[in-house]
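Worksheet: the structure to be examined is printed underneath.
Read-outs throughout are calculated quantities, based only on the coordinates presented, and are distinct from any laboratory measurement. These numbers were taken from a predicted model, which means no experiment stands behind them. Cβ atoms come from the backbone with ideal geometry, glycine included; neighbour counts cover every protein chain shown.
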Amino acid sequence: MSARGSGAAAVEVDVAIVGGGLVGASLVAALGASGLKVALIEGVAADAARQPSFDDRTTALGNGSRRIFESLGLWDAIGPSSAPIRHIHVSDAGRYGFARLDAQALELDAFGFVVTNRVLGGALRTRLAALPALESRMPARCTAVTVHEDCVELHTDPGGLPLRARLAVAADGAGSQLRAAAGLAASEEDYGQVAVVAHVLASQPAEGTAYERFTPQGPFALLPMVGGAWGVVWTLAPADAQRVLALSDAQYLAALQQDFGWRAGRFLRVGARSAYPLKLVRAAQVTGQRVALVGNAAQGLHPVAGQGFNLGLRDAATLAELLIASRGDGTAVADPGAPALLADYAARRASDRDGMVRFTDGLVKLFGDQRPGVPWMRDLGLLMFDLSPTAKRALSRLSWGFGERPPRLAQGSSRVVGP
C-alpha cells in the first residue's frame, strides 16, 4: 500500500462500487438516502437494452431477500412478476429417494419467489436513475486501481477525472479486477458442469411447485414462473451441454421430456437457451486495505438450491447497514474504509458465507458420488428427511442464511441505523 500520490485533481467520494449487476446495484439502492457520496462504475450503459446481469435467467429469492427488497421499497415493482414457491419436490433421478416440502404445513406463505433477473434489474435501474447525487460512470471500465493508505484511486475509461474513494467495493463478479488489485487471493474449483438455462411451456402449468432432481451429471431444476411457464436449469457435462445447445427446439423438448419425465405434463415450447460453466470461487478474505468484497467477487456458488444471489444480497445489506450506522447522526465525520468497520463486516459475514459454501458444495458432491453404497445411503437420508417435520422446518430457514445476525434490512427495517 502507498501513501496518496500526487495532488492531481480527482472526484472525491465516500464509497465507489465497481460493478453494477444485481448485487452492486442493490448496494447502491441501499445507500441511496444515506448521505454518503457514492460512485458506481459499470461497463454497460444504464439504458442499454441488454445488461448481461439483467437477463432472462431466473433467480429464486428467499424470504429474507424479499424482506430486503420490501425494506428498500422495491418489492412493489418486483412482486407482481414473481412466482411463489409453495411446494418443493426433491428426488434422486432413477432411484427411490425423494422428499417433499409444503409451505402451508410449515406455516409459511412460500419458501421463496422466482423472478427473472431482467425484472430485478429493471426495478434496480429505475431506482438508481432517481438518485441525482450518484456519481454514475456507465458505461465505463476501470483502467487502473491503486490502493493508498487513505483512499483507493480508480481511473476509468471513459470518465474524466479519477475517482478517489475512502472505500472501494468489489461487486464485479467472480473474476473481480478490484479484488486482484487489492491483493486478495481467491480459490477456484471447476465442477466440470455447465448449466443450460431456458424457459419452457408445458401442458401442466407451474402452480407454485419447484422440482430439484439430482442426476449423475448434476442437479436438474424446474422452477415455477409467472404466467404458468417453467424455468429450467439443466446441469450437464460440458460436451453434453454443447450437444443440447445445438438441438432444434423440438429435439430439445424431446430430450428434456426424456430426462425429466412427465410431472409437468408434455413440454410444448422453449425460448432461447443459454449456458453457464459452474465453478466454486471463494475469496480467502472479504476485506483488504480500504476494499470490501460482495456477491460473486466474495464467493461464486453452484446454483443448486438457488442461494448465490441471496447470499450476495445479504453481503450488500450488511455492508450498507454498517456504513450508514458509522455516520451516527449524520454530522459526525466517519471513515467508511476504517479497519474496524471492515473487520466488523468480515466477522458478520463469516458464518453465513462459510455455511452456505459448505451446504451448496456438499450437496453437489454428495449427489454426484456414485461409489457403491453411497446412493443407497443418500436415498435413505432423503426418505428420513421426508418423514421429519423438524428437519423440514430447519431447511425452510435456509432463505435467511446461516448468519447469527441477519442484516436489519432483512428484518423489515427501512431505517438501517445503529449497531
### Message
In Å and on Cα atoms, what radius of gyration and Dmax does the range 31-163 show?
### Response
20.1, 63
### Summary
So the pair-distance distribution of the range 185-332, from every Cα-Cα distance in 5 Å bins, comes to percents of 2, 8, 15, 17, 15, 12, 9, 8, 6, 4, 2, 1, 0
### Query
Could you give P(r) for the range 339-405, binned at 10 Å from zero, as whole percent values over all Cα-Cα pairs?
17, 35, 30, 13, 5, 0
### Task
Can you tell me the equivalent ellipsoid semi-axes for the range 73-231? Use √(5λ) from the Cα gyration tensor, largest first, whole Å.
40, 22, 14
#### Entry: Relative contact order (%) - criterion: Cα under 8 Å, at least six apart; region: the range 222-367
18 percent
### Task
Please grab the % of Cα pairs in the range 127-179 that end up more than 14 Å from each other.
59 percent
### Message
If Rh is defined by the Kirkwood formula over all Cα pairs and Rg also comes from Cα, what ratio Rg/Rh do you get for the range 95-159?
### Response
1.29
### Query
Across every pair of different alpha-carbon atoms, what Kirkwood hydrodynamic radius in Å does the chain reach?
22.3 Å
### Query
Where a Cα-Cα gap under 24 Å defines reach, which lysines qualify for Lys279, not counting those fewer than 8 residues away within the same chain?
Lys365
### Task
Report, to the nearest 10°, how far helix 117-129 tilts away from the longest principal axis of the Cα atoms in the chain, using its own Cα long axis and a range of 0 to 90°.
20 degrees
### Query
Magnitude of the Cβ-charge dipole of the chain, K/R +1 and D/E -1, about the Cα centre, nearest 20 debye?
440 debye
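Where does each of Ile41, Ile78, Ile17 land when they are ranked from fewest to most other beta-carbon atoms within 10 angstrom?
Ile78, Ile41, Ile17
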